[in-house]
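Here's the structure we're looking at; comments come further down.
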C-alpha cells in the first residue's frame, strides 16, 4: 500500500539560512517568506541548487508580493514597464511579505499535496508516472539510483568524486531535506545524453537534452536582507513571453504529456520554472525522512523554448549568435564586473536583465551574487562555486558612468597584463630551454603550444589573486583619475619571477629569458610610467 506525503516543504525545515542576528537555522517555505526580512542570506552548500531555488522562490514571490491588491505577476500592470516598476517600489516599501498572502498562496491557491516531496499523486517538481514508465525489458522497475540524484557522487565506473566516497553497489540514502537541493540541481543543471530509458509508446527512449542552466553562471542583485533580494529577483516583463496563454508553475498545473508540444513560454512562472528537460521521481524511505532511490530520465524531446534567462550574461559567438557565459571555476567573479556594470554598448556582451532598472535608492547597498557550475555539455561535472561582490551596482553606467568606465579600465588592464604574462612566460621558457633559440632582443620567438612549459601556468596562478587585490584597491571613486597600469604590471612581473624561481635565474640563458619576458610585460606601461 502506498503511503502519501510525509515531507511537506511548506513547513519542514529544509532551507538553510543565516538570520540578520548571525544565527543559522533551517526553514520551510512558509517560514522563509514570513521571515524573509529577518534573513541575511541563504546557506545552501550546493550552489547549483541555490541557483535553482532562487528561481523557484522568485516565482513564488511574484505570486505573494503585493501592494494593495496588485501582485507583481499582474499582467495588466506589466503591460507598462513604468507601472510595473512603480508597483515593485511600493512592494519594497512594505519591507516584508504579508503573512496572510503567504498562507493564502501556500494553503489555498496551490492544490493540496503539491508542495509535498513524497505525495503519491503530485510530488513536488516530480513525475509519479516514472514508477511505471521507467522499467527494464521484463517490466520490472528500473530506477536510476540515489547516487545519480546527488550531485558530486560518482555513478557507474568513471564518475568523478567531488564529495565523499559512494558506489552504486553500496548507495547511501540522502536526508529528505538535502534531496530537495539535489532535485533542484538536477532539474536546472542535469546532463544530456544517455539516461534511464522511459517507455511511453512501444519504444524505450533513453536519451535526453541538457538542463536549461547546464554549465552556466547566474547573477542576482543581492541586498542586505532576503526579502529585498527576492523582490529584485522577480524578472521584469519579457518580450519573448506569450501574453495570451495562462501562466503557471509546475506545482500549479496538471502534468504535461511528454510527447505533446510544450506549453507556451509565459511570464513569470514558466520563464523561471517551466523549462526543465528532465523528469525525476524520488523514492522515500519507510519513515519518509530520507530518499533511498530515484528515477531520472527525460521529460521532453521538443525543442527548447527560445527565451532569455533573466540572470545570465550573454556573449556573442563567432557566428554572431549570443549564448550564456559559461562557468569557469578558475575565473574569479571580479573578472565579470565590467559586463555587469556597462550597458550593452559593446555589442558583444549583454548583461543580465535582472540587473537592469534597479531602484536607485538601493544601489549603494546592492552587491552581486553569482552561482556557477563548471560542466561540459553532456556528463562531466567539474566544480561548482558561489561568489559575492562588494556593493558595486551603484557604479552601473547609467548611474555613475565615470566609475563604470574606471572599473572597466581596471578590469581591461588586468586582463591585458594576464594575457601578456601568459605569452611572456611561454617565450621565456622557449628561450631558456631551446639551445637553438635566437637570444637577440628583437628576435622572433616561436612558441610550441603543445609544449608551453610550466612557467605560464605557475605565473598565472600567482598573478590572478594579486591582480584581484589590486583591482579592488583601485576600484574606488578616489582612484578614478589614477594611472592603473603599473600595479598590474608589477603584479605580473612578481608572478613571473616566482614562476621562474631564484635558483633558475642564476643560469645565463634563464637570465636572458627572464629579461626578455620582463621587457614584454613592461611594454604595457605608457611611456610616462616607464621611468
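The values are calculated or read from the model by the stated rules, or taken from the named source; none is laboratory data. Quick caveat, the model's predicted, so the values are computed rather than measured. Glycine also receives a Cβ, built like all others from the backbone with ideal geometry; neighbour counts cover every protein chain displayed.
Is there a residue being over 30 Å from residue 462 (Cα atoms) and surrounded by fewer than 19 Cβ atoms within 10 Å (Cβ to Cβ) anywhere in region 323-338?
Within region 323-338 (the criterion being over 30 Å from residue 462 (Cα atoms) and surrounded by fewer than 19 Cβ atoms within 10 Å (Cβ to Cβ)), the answer is yes, since at least one residue qualifies.
Scanning region 134-161 for residues that are farther than 30 Å from residue 382 by Cβ and either assigned to a loop (DSSP other than H, G, I, E, B) or at pLDDT 95 or above (or both) gives 136, 137, 138, 139, 140. Residue check: residue 201 meets all listed conditions (1) surrounded by fewer than 22 Cβ atoms within 10 Å (Cβ to Cβ); (2) at pLDDT 95 or above; (3) under 26 Å from residue 122 (Cα atoms) but one, namely (2).
Selection over region 215-245 of residues that are in contact with a strand residue (DSSP E or B) (Cβ under 6 Å, 6 or more places away or on another chain) and in a loop (DSSP other than H, G, I, E, B) gives a count of 1. All conditions but one from (1) surrounded by fewer than 16 Cβ atoms within 10 Å (Cβ to Cβ); (2) touching a strand residue (DSSP E or B) at 6+ places or on another chain (Cβ under 9 Å); (3) within 18 Å of residue 358 (Cα to Cα) apply to residue 95; the one that does not is (2). Tallying residues that are part of a loop (DSSP other than H, G, I, E, B) and either closer than 23 Å to residue 48 by Cα or touching a residue at least 12 places away in the same chain (Cβ under 8 Å) (or both) within region 372-402 yields 13.
Which of the residues belonging to region 486-499 are closer than 18 Å to residue 422 by Cβ and buried (at least 19 other Cβ atoms within 10 Å of the Cβ)?
Listed by number, the residues that qualify are 488, 489, 491, 492, 493, 495, 496, 499.
Can we say residue 76 is free of Cβ contacts under 8 Å to residues at least 60 places away in the same chain, part of a helix (DSSP H, G or I) and exposed (fewer than 15 other Cβ atoms within 10 Å of the Cβ)? Criteria met by residue 76.
Against the condition over 25 Å from the mean Cα position of the chain (by Cα) and at pLDDT 95 or above, how does residue 33 come out, does it pass? Answer is no for this residue.
Screening region 255-371 for strands (runs of 3 or more DSSP E) wholly inside it with 3 or more residues that are closer than 30 Å to residue 199 by Cα and modelled with pLDDT of 95 or more returns the ranges 278-284, 290-298.
Any idea which of 376, 400 is over 29 Å from residue 268 (Cβ atoms), out of contact with any strand residue (DSSP E or B) (no Cβ under 9 Å at 6 or more places or on another chain) and modelled with pLDDT under 95? From the options 376, 400, the qualifying one is 400.
Of the residues 512, 473, 505, 469, which single one is assigned by TED's automatic domain parsing to the domain that holds residue 407, at pLDDT below 90, surrounded by fewer than 16 Cβ atoms within 10 Å (Cβ to Cβ) and part of a helix (DSSP H, G or I)?
Just a single option satisfies the conditions, and that option is 505.
When each of 364, 353 is tested for being over 26 Å from residue 465 (Cβ atoms) and loosely packed, with under 15 Cβ neighbours inside 10 Å, the lone residue that passes is 364. Listed conditions (1) under 20 Å from residue 124 (Cβ atoms); (2) touching a residue at least 60 places away in the same chain (Cβ under 8 Å); (3) in the same structural domain as residue 223 (by TED's automatic domain parsing) are all met by residue 28, apart from (2). Pairs meeting the criteria (first residue in region 119-138 and within 15 Å of residue 187 (Cα to Cα), second residue surrounded by fewer than 16 Cβ atoms within 10 Å (Cβ to Cβ), beta carbons under 8 Å, at least 6 apart or on different chains) are 127/255. Among the criteria (1) more than 30 Å from residue 45 (Cβ to Cβ); (2) in contact with a helix residue (DSSP H, G or I) (Cβ under 7 Å, 6 or more places away or on another chain), the one residue 406 does not fulfil is (2).
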